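See below for the structure under consideration.
Derivation of every value follows stated rules applied to the coordinates shown; laboratory data play no part. What you see is a predicted model, and the numbers here were worked out from it, not measured in a lab. Note: ideal-geometry Cβ built from the backbone for every residue, glycine included; neighbour counts use all protein chains shown.
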There are 2 protein chains.
Amino acid sequence: MTNIANTPTPPYYSVIFTSILKPDETGYEEMADTMLSLAKAQPGFLGAESVREGIGITVSYWDSLESIHLWKKNTSHLKAQELGKTLWYQQYRVRIAKVERDYSFDAEE
Amino acid sequence: MTNIANTPTPPYYSVIFTSILKPDETGYEEMADTMLSLAKAQPGFLGAESVREGIGITVSYWDSLESIHLWKKNTSHLKAQELGKTLWYQQYRVRIAKVERDYSFDAEE
């Protein structure tokens, strides 16, 4: 289980990745975990939130479009993207969105 | 289970709502379903994707900031927001983000 990402004051960028897997998910979770670890080590990575239950939604946050572009072109990530299209994904959609405003609530505050 | 939202060509807006519930979720799902139905009937609503497993991520898509503002101020929605803060939410974060670009993949194409 991920937590709510502790992102900085906007503006920054988000990648909203929504996906549906094929029935055979063998190897998917390990690859997803590896990619998240790798993403965290990239320049400009600000955080990520991920949930899967039927469909999966992963939102990652970045300091700039350039950081997103570099991550998309990362060699290990490129290989994972190809494997994903061949083996695991039935369907996905990626949306690049600029976070302009945010607010939050915490019951303990 | 929701599907991947069939949104139009960007630009449009997204509301990324990430939340963690308190242990007692009584009544939450019914309220969430009611609010989604109501959102779908609002002017400017373009679609939504929602998953909960530990944390919940709901992304709704809108044609403009004005439509998002009107939905936030909808009377039934305001009551639900108050109930949510009192009864159900341990923590949440809302991010308003402008979708600038998207692309998708379908294994059947």
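Odds and ends about this structure:
- Greater than 20 Å apart at Cα, pairs in A:K72/A:K98; A:K40/A:K73; A:K98/B:K73; A:K98/B:K22; B:K40/B:K72: A:K98/B:K73; A:K98/B:K22
- Partner shielding of A:51-64 amounts to 4, given as the average count of beta-carbon atoms from other chains within 10 Å of each residue beta-carbon.
- Of the trypsin sites (Lys or Arg not before Pro) found in the range B:68-109, those in coil by DSSP whose Cβ has at most 11 other Cβ atoms within 10 Å are B:K73.
- Relative to the other identical copies, A:T9 shows label-point distances of 3.7 nm, where the label point lies 7 Å from Cα along the Cβ direction and values run shortest first.
- Among A:E25, A:E53, A:E66, residue whose mean-square fluctuation peaks in a GNM of chain A (springs only between Cα atoms under 10 Å): A:E53
- Copy-to-copy label separations for A:H69, where each label sits 7 Å from Cα toward Cβ, in nm and ascending: 3.3
- Dividing the alpha-carbon radius of gyration of the range B:14-89 by the rule-of-thumb value 2.2 N^0.38 Å gives 1.07.
- For the range B:69-78, the Karplus equation 6.51 cos²θ - 1.76 cosθ + 1.60, evaluated at θ = phi - 60°, returns couplings of 4, 5, 5, 4, 8, 4, 4, 5, 5, 4 Hz by residue, with Gly and Pro reported as x.
- Percent breakdown of C-alpha pair distances by 10 Å bin, ordered from the shortest bin, for the protein assembly as shown: 8, 34, 39, 17, 3
- The shape of the range A:1-48 comes out prolate: with a ≥ b ≥ c from the C-alpha gyration tensor, a/c is at least 1.5 and a/b beats b/c.
- Relative contact order (%) - the range A:1-84, alpha-carbon pairs under 8 angstrom, separation at least six: 38 percent
- Built amide H within the under 5 Å cut-off of B:K22, gap 5+: B:Y89, B:Q90
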